[in-house]
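Visitor: Below: one structure in structure tokens.
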Amino acid sequence: MDTTKNTGPLDALLDVKRQDGASKFTEEKKKIYADGIASVSDSGILDTALNVGDKALDFSLKNQLNQTVSLYDQLKDGPVVLTWYRGGWCPYCNITLHYLQDKLPEIKTAGATLLALTPELPDNSLNTSEKNNLEFSVLSDVGNVIGKNYGVVFELTPEVATIYNNGFGLNEKNGDASNQLPLAATYVIDTNGIIQYAFLDADYTKRAEVSEIVTALKKL
């Protein structure tokens, strides 16, 4: 699904952050980040990740309250919206998580459960949940095990990895030295475990609009 021209209300919020970054970053840093996005696109990940019509793979992970959450158990109660975020250090992720919390009633009214996955260690995902007052499960996918199963994990370019590790300690946040992150992917999964909506984009500043998610849920 091509969502690179996303211009909804969430994208408008994210665009404020994009413009802020553009005004503060050096030309060198802008190029490093642009090359990083191009690297993700060129990797072929958008073609190989799970997509509409594919069977979602079951998993069990701990949430921010140290409770085990299983995808297929959740599907017994209705469809699931499954979304990945890079980490609490990512401003685009925090904007998106806060927006998802605001719109959570719409997702629930459509009969769905929202689950968010992150490669960050549990203590960091707990901090993110508390900071954004999240009322949905934030699951720690340490080592990107589930993300890899879904095909949404990529390796950062060395230049971007250096900026992230020097800036906020990415490896320490995730508890490994892989320099791998997930796409900011979002899936709507029906009660049969089939993906009915997929948001996949190489650009980490782009996210699925809640209106599109709710529209997909209403079609189930």
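The values are calculated or read from the model by the stated rules, or taken from the named source; none is laboratory data. Values in this document were obtained by computation on a predicted structure and should not be read as measured data. Here Cβ is always computed from backbone atoms with ideal geometry, including for glycine, and neighbour counts include all displayed protein chains. Heavy atoms of the whole protein, side chains included, go into the accessibility calculation; ligands, DNA and RNA do not. Shrake-Rupley method; radii C 1.70, N 1.55, O 1.52, S 1.80 Å.
Visitor: Could you say which residue among 87, 36 is crowded, with 17+ Cβ neighbours inside 10 Å, under 18 Å from the mean Cα position of the chain (by Cα), part of a helix (DSSP H, G or I) and among the small types (Gly, Ala, Ser)?
Guide: Details: 87 fails: part of a helix (DSSP H, G or I).
Going through 87, 36 in turn, just one is crowded, with 17+ Cβ neighbours inside 10 Å, under 18 Å from the mean Cα position of the chain (by Cα), part of a helix (DSSP H, G or I) and among the small types (Gly, Ala, Ser): 36.
Visitor: Against the condition assigned to a loop (DSSP other than H, G, I, E, B), without any contact (Cβ under 8 Å) to a residue 60 or more places away in the chain and among the charged types (D, E, K, R), how does residue 77 come out, does it pass?
Guide: yes
Visitor: Restricting attention to the range 133-150, and to residues there that are of a type outside the set (Val, Ile, Thr), buried (at least 19 other Cβ atoms within 10 Å of the Cβ) and closer than 30 Å to residue 35 by Cβ, which single residue is nearest to the chain's Cα centre (by Cα)?
Guide: Selected residue: 147.
Visitor: Note down all Cβ pairs under 8 Å where the first residue falls in the range 98-125 and is touching a residue at least 12 places away in the same chain (Cβ under 8 Å), the second is in a helix (DSSP H, G or I) and among the hydroxyl-bearing types (Ser, Thr, Tyr), and they're at least six residues apart or on different chains.
Guide: That search, which allows pairs on different chains as well, returns 118/125; 118/128; 120/128.
Visitor: Hey, can you tell me all the residues within the range 61-107 that are over 20 Å from residue 8 (Cβ atoms) and in contact with a Cys (Cβ under 6 Å, 6 or more places away or on another chain)?
Guide: Residue satisfying the conditions is 86 alone.
Visitor: From 20, 11, 47, grab the single residue that is part of a helix (DSSP H, G or I), without any contact (Cβ under 8 Å) to a residue 40 or more places away in the chain and more than 22 Å from residue 179 (Cα to Cα). Walk me through how you get there before you give the answer.
Guide: Details: 11 fails: without any contact (Cβ under 8 Å) to a residue 40 or more places away in the chain; 47 fails: more than 22 Å from residue 179 (Cα to Cα).
It is 20.
Visitor: For the range 137-152, name all the residues that are within 15 Å of residue 88 (Cβ to Cβ) and either among the hydrophobic types (A, V, I, L, M, F, W, C) or without any contact (Cβ under 8 Å) to a residue 40 or more places away in the chain (or both).
Guide: Keep residues of the range 137-152 that are within 15 Å of residue 88 (Cβ to Cβ), which gives 138-142.
Passing the criteria: 138, 139, 142.
Visitor: With respect to the numbered conditions (1) surrounded by fewer than 16 Cβ atoms within 10 Å (Cβ to Cβ); (2) over 25 Å from residue 51 (Cβ atoms); (3) among the β-branched types (Val, Ile, Thr), which one is the sole condition not fulfilled by residue 215?
Guide: Evaluating residue 215 over (1) surrounded by fewer than 16 Cβ atoms within 10 Å (Cβ to Cβ); (2) over 25 Å from residue 51 (Cβ atoms); (3) among the β-branched types (Val, Ile, Thr) leaves (2) as the failure.
Visitor: Of the conditions (1) of a type outside the set (S, T, N, Q); (2) part of a strand (DSSP E or B); (3) over 14 Å from residue 79 (Cβ atoms), residue 161 satisfies every one except a single condition; which number is it?
Guide: That leaves (2) as the condition not met.
Visitor: Residues in the range 41-59 that are among the hydroxyl-bearing types (Ser, Thr, Tyr) and touching a Phe, Trp or Tyr at 6+ places or on another chain (Cβ under 9 Å): how many?
Guide: 1
Visitor: Suppose the filter is under 22 Å from residue 48 (Cα atoms), open to solvent by less than 50 Å² (accessible area, probe 1.4 Å) and small (Gly, Ala, Ser); does residue 116 pass it? Steps first, answer last, please.
Guide: On the way: under 22 Å from residue 48 (Cα atoms): yes; open to solvent by less than 50 Å² (accessible area, probe 1.4 Å): yes; small (Gly, Ala, Ser): yes.
So residue 116 passes the test.
Visitor: Among what's in the range 165-193 and is under 18 Å from the mean Cα position of the chain (by Cα), in contact (Cβ under 8 Å) with a residue 40 or more places away in the chain and over 24 Å from residue 105 (Cα atoms), pick the residue that is surrounded by the fewest Cβ atoms within 10 Å (Cβ to Cβ).
Guide: My answer is 180.
Visitor: Continuing with this model, one more query. Hey, any hits in the range 194-208 for a residue that's in a loop (DSSP other than H, G, I, E, B), more than 24 Å from residue 43 (Cβ to Cβ) and open to solvent by less than 10 Å² (accessible area, probe 1.4 Å)? If you could, list the steps in order and put the result at the bottom.
Guide: Of the residues in the range 194-208, the ones in a loop (DSSP other than H, G, I, E, B) are 200-208.
This time we only want the ones that are more than 24 Å from residue 43 (Cβ to Cβ), so: none.
For the range 194-208, residues in a loop (DSSP other than H, G, I, E, B), more than 24 Å from residue 43 (Cβ to Cβ) and open to solvent by less than 10 Å² (accessible area, probe 1.4 Å): absent.
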